[in-house]
Amino acid sequence: MDYRYLKAFILTARNASFSKAAEELKIAQSAVSRQIKLLEESVGEELIIRSSKKVLLTQKGKELYIAAQHFDQVSSDIFEKEDNREIRVGILQGLLKNWFNPMLLKFYKKHTRNITIEVGGQHDLRKGLENGHFDIIFTTENIQSDLISSLKLFDEKLLLVSKDEINRKKLHEYRWIVYSNEDNLFKLSKKTSNQIIRVESIATITNLVRNNVGIAIIPEHAMKKTDTLTAHEVTQLDKSEIYMATLSYKTMPAHIDELVEIVKKSLQGN
């Protein structure tokens, strides 16, 4: 079937008139007639019985009209409901609680659109963006491909934190509070501690350190200004950078661009 001519068929069938269909399409009546003839040729069936007085649909024409109307409505809904589409965000846990909250406040001063936010690891965030589960992700991975583009937002300063002063040459002698098996403490220390707590929450990790349960490496933005924790910047590891990634659109969809612009303006201090 040649779908290029389906609209001419739908309007002609709906109005039972070639001329009215031509008016809606803003083309000549002869062009409408020609398009329907080409559609009929592409399916190998007569769809409309032409007479000097009226337009009648054949049985196949009636069946196609019913199906085509549904297709036309669904297609219109997909594109006309742009204003109602929610933004689906994937984000690393530490960024959600601290850095991203001000972004949300700025966003809702200007917009009312719904946002769904899910926390995930780097692998899950990238996979979610690639398969269309997320519109935007915030990650430490700089993804640049034919499918995805990333924008660097800022350098993330990592801190080794503890309740009291510790011997940084003997980190393995303390209890570690880590986010996962890829936690930076495993990279920083040559030896692994025999006491390890794994918690998938930067806020909980920080709170455990405050209560002198153990030591941890956390991003600077996870600390409160009133914190009295002992903190040392971790410079021995590769620089941690935060990126915003989206699919590589030629023109960014409006619902995604609303949040993207808020984030970009925050980089400029606006």
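The values are calculated or read from the model by the stated rules, or taken from the named source; none is laboratory data. The structure displayed is predicted, hence computed values, not measured ones. Positions of Cβ are generated from backbone atoms using ideal geometry, with glycine treated the same way; all protein chains shown enter the neighbour counts.
Just a few scattered comments:
- Yes/no for residue 154 being in contact with a Phe, Trp or Tyr (Cβ under 9 Å, 6 or more places away or on another chain) and surrounded by fewer than 14 Cβ atoms within 10 Å (Cβ to Cβ): yes
- Segment 159-270 holds helices (runs of 4 or more DSSP H) entirely within its bounds, and those carrying 1 or more residues that are crowded, with 17+ Cβ neighbours inside 10 Å and more than 22 Å from the chain's Cα centre (by Cα) map to 184-188, 202-210.
- Filtered residues of segment 124-150 (kept if outside any loop (DSSP other than H, G, I, E, B), touching an Asp or Glu at 6+ places or on another chain (Cβ under 9 Å) and not charged (D, E, K, R)): 125, 128, 129, 148, 150
- Considered as a group, the residues in segment 25-43 that are among the aliphatic types (A, V, I, L, M) and in a helix (DSSP H, G or I) include one that is farthest from residue 8 (Cα to Cα), and that residue is 43.
- Cross-chain or 6+ apart pairs with Cβ under 8 Å, segment 226-241 first and among the basic types (Lys, Arg), then part of a strand (DSSP E or B) and exposed (fewer than 15 other Cβ atoms within 10 Å of the Cβ): 239/155
- Segment 90-101 residues that are closer than 15 Å to residue 201 by Cα, paired with ones that are crowded, with 19+ Cβ neighbours inside 10 Å and at pLDDT below 85 (beta carbon under 7 Å, 6 or more apart): 94/222; 98/222
- For segment 16-61, the set of residues classified as farther than 14 Å from residue 1 by Cβ, touching a residue at least 24 places away in the same chain (Cβ under 8 Å) and within 43 Å of the chain's Cα centre (by Cα) consists of 32 only.
- Within segment 170-196, being aliphatic (A, V, I, L, M) and within 19 Å of residue 231 (Cβ to Cβ) holds for 171, 177, 178, 185, 188.
- Positions within segment 120-158 being within 12 Å of the chain's Cα centre (by Cα) and among the aliphatic types (A, V, I, L, M), in sequence order: 125, 129, 136, 137, 148
- When residue 65 is tested against the conditions (1) among the hydroxyl-bearing types (Ser, Thr, Tyr); (2) surrounded by 14 or more Cβ atoms within 10 Å (Cβ to Cβ); (3) assigned to a loop (DSSP other than H, G, I, E, B), the lone failure is (3).
- Cβ-Cβ distances below 6 Å connect the following pairs, each with a first residue in segment 196-211 that is within 16 Å of residue 186 (Cβ to Cβ), a second residue that is in a strand (DSSP E or B) and not small (Gly, Ala, Ser), and a separation of six or more residues or different chains: 196/176; 197/177; 198/178; 205/177.
Conditions (1) at pLDDT below 90; (2) closer than 27 Å to residue 237 by Cα, marked per residue:
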residue: 105; (1), (2): no, no
residue: 116; (1), (2): no, no
residue: 120; (1), (2): yes, yes
residue: 124; (1), (2): no, yes
residue: 128; (1), (2): no, no
residue: 135; (1), (2): no, no
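- Screening the candidates 165, 173, 156 for the property of being touching a Ser or Thr at 6+ places or on another chain (Cβ under 6 Å), of a type outside the set (S, T, N, Q) and more than 24 Å from residue 95 (Cβ to Cβ) yields one hit, 165.
- Selection within segment 219-270 - among the acidic types (Asp, Glu) and under 17 Å from residue 136 (Cα atoms): 241, 257, 258, 261
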